[in-house]
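Here the structure comes first, spelled out in structure tokens, and everything after it is commentary.
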Amino acid sequence: MSDTAIDVDANLTLLGQLGVLHVSPFQPAKDKSIERVDARIKQLQKAISILDLYENGQDLESGSISIPDYSNVERGEIELLERVLSVDNDQKQLEATAQRVNIDLAWFSKWGNISLTDIEKLREKDVFLRLYLLNDKEIKSITEREDIYVIGERNDFRQVLLIADDEDEKLDFQEVEWPQIQLEDAKDLLRDTENKQKENQNLLKLFSFQKNILKEALDERNRRLDVRNIQYEGISIDNQVGCWRGFIPEDVEDKFIEEAEINGWGYLIEEPSSEEIDEVPTLVRTSRWAKNIQPVMDFMGLVPGYKELDVSKVFMLFFTFFSGVLVGDAGYGLVFLLITFLVHRHQKFAKKVEYSLFYTLSFSIMIWGVLTGTYFGSELIAELPILRSLRIEQLASFGGDSLFIQKLMFLIGAIHLTIGHLQIAWRYINSVKAIAQIGWVAIIWGLYLIVSQMVLGITAPGIMIWLFVGGALLIALFSNPGTNFAKGMLSSLASLPLSIINGFSDIISYIRLYAVGLSTVLMAASFNQMALGDGVTTLASGIGAAIILILGHGLNMILAAMAVLVHGVRLNMLEYAGHASVEFSGNEYTPFKLKK
């Protein structure tokens, strides 16, 4: 691109509107023009936030105030901005004045209409008056003094006057300061201040009708800031040609080339070298339903590397299931669903991924709660005929088969980890490395059997030993294919014991689903017992029971939500991702993109 200010701005704007190039800076973007634009953006944001308080001129008082239409004024957005900030600053000064005057008026209401002029005349004659508020004990300590006078009472304190002929003479107590202006002057100043405040309020209400001018100016400054940042991240060659580098997805390459040809941009497109792989941003394209997990990924800062697997589908499926098990109370799920609906409604049902995620998780919690017969930790509700018919007895929170549930959690863990290895196998489908992953699948199921035996006392079948032997053999033979077969085999065998131990602890980790879910149920039942165990016989006991139930279940829901964030994310991010060889070492594909 040619390196003139107008051409650079215009061409970079077109590039930003195209929105496909992830810019990799040659250097940090630094320039005084960036600082100026950023400062102007902050001013515009402040002015808009001020006018938001006076939206649509509500309760606008009729008067003779008039303002121009700033859309027809040259640089009208700047003039409007400066007037809004000036009036707001004036309002703050008036508010400070009003506070000071009210303090003085409050003083006069307590001490009476004392003439400050007379006080000053006495001072000129070396008679100095000082005021104090003292309690009885403090007064007793100075009763012998003849220059002390009790002139009134205020609540539990005595209003005390010290008459001294020495300006430095004081009592060892906190002195009450004199007001700054006379009573009548304070009343007049307060009235004038309030009138000016009303005028400024009316002015800001009128300005609020033209707030869109500031919003448009803000959009333009944001565009300008984005362009300037990109501009100074590039380099200039002989002050004639601007040069930028970055990454674009392969499927939009033709779109970029077409735009470049139209606008006369020079370009060079090539595959990133092996040294540049770590710089390549990751663009994850997944199914629409799997995108619901993106808020969690963003919150945790999880971006798979350019060469790593896309784990969003598996993450979403299992995170939804884990959330249901960890909370496991249909009543809580209903509360979460209602909260999500009310917030979504307040946002006028905006289409955001976050809401889809919260709806999904709420339904998952409700479904698991129904299957286990858990409703606010109450066994009485669970025994209602309709709800009892929906319950799976082996999964029941009250009277279920805990051994079966623990075995199920270990089974889910083995499936979860198996999926990770199968994904790697699919990735290496044209390589013998895929066979090594089948070996790892065998190891995982061997570990599942041994965990079931050691933790649950379930006798492992004879096939367990063959799963370990066969899996180890496949891993040793096919993990490191290369010219030196023996060296690769020894290397695989050397790291195998530690990997098996890690796999064992990974499967054990899934017992946390059972433990945390059970603790949620037990806490809910405990709060129910505290509130209703002795019955509700009086109004006071009913109010106390209601408070305990609301606070107790509220706390339990908060803890359950935290458990989802901690344990639900952990099992995906560490256990599963570790077996899928995903380290989340990538940086997100964020193209330079401007609004049309």
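Looking at (1) part of a helix (DSSP H, G or I); (2) open to solvent by less than 20 Å² (accessible area, probe 1.4 Å), which one does Ser541 not meet, given that it meets all the others?
(2)
For the stretch 473-532, enumerate the residues that are under 23 Å from Ala577 (Cα atoms), β-branched (Val, Ile, Thr) and either assigned to a loop (DSSP other than H, G, I, E, B) or open to solvent by less than 60 Å² (accessible area, probe 1.4 Å) (or both).
Ile475, Ile500, Ile507, Ile508, Ile511, Val516
When the stretch 377-430 is examined, which residues are found to be charged (D, E, K, R) and either in contact with a Cys (Cβ under 9 Å, 6 or more places away or on another chain) or open to solvent by 40 Å² or more (accessible area, probe 1.4 Å) (or both)?
Result: Glu379, Glu383, Arg388, Glu393, Asp401, Lys407, Arg427.
Could you say whether any residue in the stretch 11-30 is loosely packed, with under 14 Cβ neighbours inside 10 Å and part of a helix (DSSP H, G or I)?
Within the stretch 11-30, none of the residues are loosely packed, with under 14 Cβ neighbours inside 10 Å and part of a helix (DSSP H, G or I).
Applying the selection to the stretch 440-475, what residues are touching a residue at least 40 places away in the same chain (Cβ under 8 Å) and of a type outside the set (A, V, I, L, M, F, W, C)?
Tyr448, Ser452, listed by residue number.
Of everything in the stretch 256-274 that's farther than 17 Å from Gly242 by Cβ and either among the small types (Gly, Ala, Ser) or touching a residue at least 40 places away in the same chain (Cβ under 8 Å) (or both), which residue is surrounded by the fewest Cβ atoms within 10 Å (Cβ to Cβ)?
In this case the residue turns out to be Ser274.
Out of all the residues in the stretch 209-217, is one or more in contact (Cβ under 8 Å) with a residue 40 or more places away in the chain, over 15 Å from Ala10 (Cα atoms), among the small types (Gly, Ala, Ser) and in a helix (DSSP H, G or I)?
Scanning the stretch 209-217 turns up at least one residue that is in contact (Cβ under 8 Å) with a residue 40 or more places away in the chain, over 15 Å from Ala10 (Cα atoms), among the small types (Gly, Ala, Ser) and in a helix (DSSP H, G or I).
Name the one entry in Thr360, Thr374 that is surrounded by 14 or more Cβ atoms within 10 Å (Cβ to Cβ), under 32 Å from the mean Cα position of the chain (by Cα) and not in a helix (DSSP H, G or I).
Sole residue among the options that is surrounded by 14 or more Cβ atoms within 10 Å (Cβ to Cβ), under 32 Å from the mean Cα position of the chain (by Cα) and not in a helix (DSSP H, G or I): Thr374.
Please state which of the following conditions Met573 fails to meet, knowing it meets all the rest: (1) among the aliphatic types (A, V, I, L, M); (2) assigned to a helix (DSSP H, G or I); (3) touching a Ser or Thr at 6+ places or on another chain (Cβ under 9 Å).
For Met573, the failing item is (3).
Among the residues that make up the stretch 198-209, is at least one of them within 30 Å of Gln43 (Cβ to Cβ) and small (Gly, Ala, Ser)?
Yes.
Would you confirm, using the coordinates I've provided, whether Gly554 is part of a loop (DSSP other than H, G, I, E, B) and open to solvent by less than 70 Å² (accessible area, probe 1.4 Å)?
Judged against the criteria, Gly554 is not a match.
Ser86 - would you say it is within 19 Å of Lys198 (Cα to Cα) and part of a loop (DSSP other than H, G, I, E, B)?
The answer is no for Ser86.
For residues that are outside any helix (DSSP H, G or I) and closer than 30 Å to Ile405 by Cα, tally how many sit in the stretch 311-348.
Looking only at that region, the number is 3.
Among the residues of the stretch 453-465, is there at least one that is open to solvent by less than 40 Å² (accessible area, probe 1.4 Å), more than 27 Å from Tyr510 (Cβ to Cβ) and part of a helix (DSSP H, G or I)?
no
Any idea which residue in the stretch 233-255 is most open to solvent (accessible area, probe 1.4 Å), counting only those that are in a helix (DSSP H, G or I) and not hydrophobic (A, V, I, L, M, F, W, C)?
Applying the filter and picking the extreme gives Glu250.
Tell me, please, whether a residue that is assigned to a loop (DSSP other than H, G, I, E, B), over 18 Å from Ala580 (Cα atoms) and open to solvent by 30 Å² or more (accessible area, probe 1.4 Å) can be found in the stretch 287-295.
yes
Considering Glu77, Glu82, Glu61, which residue is at pLDDT below 90 and acidic (Asp, Glu)?
Selected residue: Glu61, the only one of Glu77, Glu82, Glu61 that is at pLDDT below 90 and acidic (Asp, Glu).
For the stretch 388-420, enumerate the residues that are without any contact (Cβ under 8 Å) to a residue 40 or more places away in the chain, over 37 Å from the mean Cα position of the chain (by Cα) and in a helix (DSSP H, G or I).
Matches in the stretch 388-420: Arg388, Ser389, Glu393, Gln394, Phe404.
Table: residues versus (1) modelled with pLDDT of 90 or more; (2) over 58 Å from the mean Cα position of the chain (by Cα); (3) assigned to a loop (DSSP other than H, G, I, E, B); (4) of a type in the set (S, T, N, Q).
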| residue | (1), (2), (3), (4) |
| --- | --- |
| Asn102 | yes, no, no, yes |
| Ala106 | yes, no, no, no |
| Lys110 | no, no, no, no |
| Lys121 | yes, yes, no, no |
| Leu133 | yes, no, no, no |
| Thr143 | no, yes, yes, yes |
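Return the residues of the stretch 145-176 that are free of Cβ contacts under 8 Å to residues at least 24 places away in the same chain and either surrounded by 10 or more Cβ atoms within 10 Å (Cβ to Cβ) or not in a loop (DSSP other than H, G, I, E, B) (or both); say none if nothing qualifies.
Arg145, Asp147, Ile148, Tyr149, Val150, Ile151, Glu153
Please go through the stretch 198-232 and give me each residue that is closer than 29 Å to Leu94 by Cα and open to solvent by 40 Å² or more (accessible area, probe 1.4 Å), ordered by number.
Scanning the stretch 198-232 gives Lys198, Glu199, Gln201, Phe209, Asn212, Lys215.
Please identify the pairs in which a residue from the stretch 184-201 that is in contact (Cβ under 8 Å) with a residue 60 or more places away in the chain and more than 12 Å from Gln99 (Cβ to Cβ) has its Cβ atom under 6 Å from the Cβ atom of a residue that is in a helix (DSSP H, G or I) and open to solvent by 90 Å² or more (accessible area, probe 1.4 Å), counting only partners at least 6 apart or on another chain.
Qualifying pairs under 6 Å: none.
So Ala546 ticks every box in (1) open to solvent by less than 50 Å² (accessible area, probe 1.4 Å); (2) within 30 Å of the chain's Cα centre (by Cα) but one. Which box is left unticked?
Of everything listed in (1) open to solvent by less than 50 Å² (accessible area, probe 1.4 Å); (2) within 30 Å of the chain's Cα centre (by Cα), Ala546 misses just condition (2).
The values are calculated or read from the model by the stated rules, or taken from the named source; none is laboratory data. These numbers were taken from a predicted model, which means no experiment stands behind them. Reconstructed Cβ throughout: ideal geometry from the backbone, glycine too, with neighbour counts over all protein chains shown. Note: accessible area is taken over every heavy atom of the protein model, side chains too, but ligands, DNA and RNA are not part of it. Shrake-Rupley method; radii C 1.70, N 1.55, O 1.52, S 1.80 Å.
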